[in-house]
1. Can you give the alpha-carbon Rg of the chain over 2.2 N^0.38 Å, where N counts its residues?
2. In nm, what is the difference between 0.36 nm times the number of residues separating Ser372 and Thr313 and their Cα-Cα distance?
3. Accessible surface of Asp282 in the full protein assembly, 1.4 angstrom probe, to the nearest 10 Å²?
4. Give the span of segment 123-265's Cα atoms along each principal axis, as three whole-Å numbers ordered largest to smallest.
5. Give me the percent of the accessible area of segment 293-392 that comes from carbon and sulfur atoms, probe 1.4 Å, all protein chains in place.
6. Can you tell me, using C-alpha contacts under 8 Å and at least 6 residues apart, the relative contact order of the chain as a whole percent?
7. Which whole-number percent is the relative contact order of segment 11-165 (Cα, under 8 Å, 6+ apart)?
8. Looking at the chain as a GNM with Cα springs under 10 Å, which of Leu24, Leu304, Leu245 has the largest mean-square fluctuation?
Amino acid sequence: MKTYISPWPQTAALPPFPRTVSVLGATGSIGASALKVMARHKDKFTVTALAGGRNAKRLAKLAVEFRPEFTALLTDEAAREFKSLLPSDYSPKILVGPEAYVTLATLPQADLILSSIVGAAGFPPTLAAARAGKVIALANKESLVLGGHIIRKACHESGAVILPVDSEHNALFQGLLGHSSEDGLHKLILTASGGPFRGRNRAFLKTVTRDQALAHPNWSMGAKISIDSASLMNKGLEVIEACHLYGVSVDQVDVVVHPQSIVHSLVEFADGSQIAHLGQPDMQIPIAHCMCFPERVTLDVKRLNLAEVATLTFEKPDKSAFPCLRLAFEAFQAGPSHPTVLNAANEVAVDLFLKERIHFLDIPAMIERALSDHAPIPVDTPEAILDLDREVRAQVRGRA
Ligand code: NDP
Ligand code: MG
């Protein structure tokens, strides 16, 4: 039987331990969990590169601990601050600006790239890693939403492997292990916590604040994905992510709300069997699964005790109170350029909401308007995608 161990047929072997790792988005929430895993299993990893965005203090703290040869930051100002915080006995190479992430994603000595920058900014380095034939532990779902078709092709050509960090997709990956697509895969069922506003109606959602939206009941995450979880756009992006990762049509992906976040997703086969993945909602679990794959390692996470949890519940998502989920399904069906529009409009709207310049329900309204104004265009190249991304951002910002 063919073993289905990654989204794409592989020619690249998984690297031996210790693995040489380049972490993009090291200063974020996923970066923090990944570095916790690496600190716990120092014998398995050599950190060759750590990249942050603007948070020089956090990157300096991590760099002093892990001593990578390469570091990167987004701006000259952040790079200056970073340099001033380093001890005299340590002087890593400091790269600056968007190109720096592409360089760190393709370092010849790096065999494992953790792609955990937030948003469309993660697309160019993820694509570069895919073209360079790397093993990519992928958290940055937006890069697949924007250019899943291009990344997939690059993986085919180079032998790159993507291991999905996103907990739902990692759960699906584990459910698919040992199966090939010919084994009668019927459906992929993504679970969603429902976020902080589960069960609320539109009248309530009109007045919710930034802090309420940031307060996710189960997961501790960065600001943008927390708002996406509150609006259900996160699940929408994940539906598209699943289609690209596993080569299924959007009709083969279902979403079920599961408020306890214990079942992380399910695979259904033709015979009616469903295979679920269960665990505590702690991102160290899927991160370690990817970074150590196919080995399993001990983690300092709370153990799951089902008798203590006692009740697992499931319900249908409310697509009318939370239109972002519907918009994502529609965008993926509409054609290859619509998901880029969906993502760009969402990133701008979420940023405006976080700055308290728009209301929560303006997020889906702005995305819907951007999608309905969009006439499909070919997006066969990364340049076409990034041009469209810029254009939509400018349009949506102009309307705010
Ligand atoms: P955070 O906001 O916590 O971290 C984002 C990281 O990206 C930071 O290191 C930040 O740097 C960096 N960054 C931001 N903008 C840029 C840019 N323009 N160029 C380069 N680097 C940049 O996000 P999360 O860690 O929560 O999420 C990261 C990705 O992982 C997202 O795509 C998210 O959807 C996905 N994901 C996250 C999960 C989670 O539990 N957090 C779960 C599943 C997926 P700095 O802070 O230094 O400016
Ligand atoms: Mg997820």
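The values are calculated or read from the model by the stated rules, or taken from the named source; none is laboratory data. Treat the numbers as computed from the prediction; the structure is a model and nothing was measured. Every residue, glycine among them, receives a Cβ derived from its backbone with ideal geometry; neighbour counts consider all protein chains shown. Quick note on the areas: whole protein, heavy atoms, side chains included, nothing else; ligands and nucleic acids left out. Shrake-Rupley method; radii C 1.70, N 1.55, O 1.52, S 1.80 Å.
1. On the way: Rg = 20.2 Å, N = 400, 2.2 N^0.38 = 21.4 Å.
Rg over 2.2 N^0.38 Å, computed on Cα atoms: 0.94.
2. Numbers: separation 59, 0.36 × 59 = 21.24 nm, distance 3.57 nm.
Gain in length upon complete extension: 17.7 nm.
3. Asp282 has an accessible surface of roughly 40 Å² with all protein chains in place.
4. Result, largest extent first: 49, 34, 23 Å.
5. Details: 2720 of 5230 Å².
Summing carbon and sulfur atoms, their accessible area is 52 percent of the total for segment 293-392.
6. Working: 760 pairs, mean separation 63.5, N = 400.
Averaging sequence separation for qualifying contacts and normalising by length gives 16 percent for the chain.
7. On the way: 317 pairs, mean separation 34.6, N = 155.
Across segment 11-165, relative contact order equals 22 percent.
8. Residue with maximal mean-square fluctuation among Leu24, Leu304, Leu245: Leu304.
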